[in-house]
Amino acid sequence: MVPPCEMPAEPHAPEAHVLQGELAPRTGPGRCPALASPAGSWPAPPARPVRSDRRQQVDGDAGAAVRALYHRLVNYELYMREAIAEARLGMGRGEAANGAVAVLDDAMVARAHDQVEENGDPTAHAVLLALREAARRLGREARGGLTVFATQEPCSMCVGALLECDVDTLVFALPDSRGGAAGSVVQLARHDGLARRVRVVSGILQDDVADLVGEAGPVGGRASRASAL
């Protein structure tokens, strides 16, 4: 198997999801028995199995191939729908259409929506809040295998947080042409000058999230909200 190539994420149609330069196939339902209930409470995450330590077990070209295969097996749409459910929850409270979930070994360990308006905190973005919850629940040592799903391309602050948490993969639906820091405006997720990098998958349920942002109106995305101020 050829390891995935290094390339920045760019906006793509829903039928051509980018995974490090390769096409990620659409997957069917039912691949995640440990999935938490939408927009609600969920049990404590299961103990992390030995298989999660893939990066230490397999090195070199073989390790890259194994990790590429693992990422093809992730049910992207299943988890993205959970992020959309969070975004809808936030929209009902006057927030932008931003939701995020953090996944570790097929189990959702954290989920969040924007709380900027609710808390009066301009840094209370969905991705950042999900990372904080994941860190609280998992501890420092377990964060390296996380995949974070976000409805919209994260800003520079949130991408920075992903890097600091050593997150494996960022998956987002809708690119942000005015503030996206994972390839649209600036590429921080895979910047050559930074010590850490995050894999980027884009375009998962892009049309669904575009409709959601349109439904939310002027506050649907942070860029559109900022331009209205």
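Assorted remarks:
- Taking amide H positions as modeled 1.01 Å from N, with prolines and chain starts lacking one, the residues under 5 Å from V200 and 5 or more places away or on another chain are Q20, L170.
- Each residue of segment 179-186 is assigned a 3J(HN,Hα), and the resulting list reads x, x, 10, 10, x, 6, 9, 9 Hz, derived from the Karplus form 6.51 cos²θ - 1.76 cosθ + 1.60 (θ = phi - 60°), x at Gly and Pro.
- Averaged per residue, segment 67-211 has 36 square angstrom of accessible surface, using a 1.4 angstrom probe with ligands and nucleic acids left out.
- Nonlocal amide H pairs with A110, under 5 Å, H built at 1.01 Å: A102
- Extension reserve of the E164-D207 stretch, reckoned as 0.36 nm per residue once the Cα distance is removed: 12.5 nm
- Per-residue HN-Hα couplings for segment 109-117 [Karplus 6.51, -1.76, 1.60; θ = phi - 60°; Hz; x = Gly/Pro]: 10, 7, 8, 6, 10, 4, 10, 4, 6
- Taking 7 Å steps out from each Cα toward its Cβ at R196 and S177 produces label points 3.1 nm apart.
- Computed from phi, the 3J(HN,Hα) profile of segment 197-210 under the Karplus parametrisation 6.51, -1.76, 1.60 (θ = phi - 60°) reads 9, 10, 5, 10, 10, 10, x, 6, 6, 4, 5, 4, 6, 4 Hz, with x in place of Gly and Pro.
- Simple rule: put +1 on each Lys or Arg Cβ and -1 on each Asp or Glu Cβ in segment 84-129, find the dipole, and look at A126, G92, A107; the Cα lying farthest toward the positive end is G92.
The values are calculated or read from the model by the stated rules, or taken from the named source; none is laboratory data. The structure displayed is predicted, hence computed values, not measured ones. Neighbour counts run over all protein chains shown; Cβ positions are idealised from the backbone, glycine included. Remember, those area values only see protein heavy atoms, side chains included, never the ligands or the DNA or RNA. Shrake-Rupley method; radii C 1.70, N 1.55, O 1.52, S 1.80 Å.
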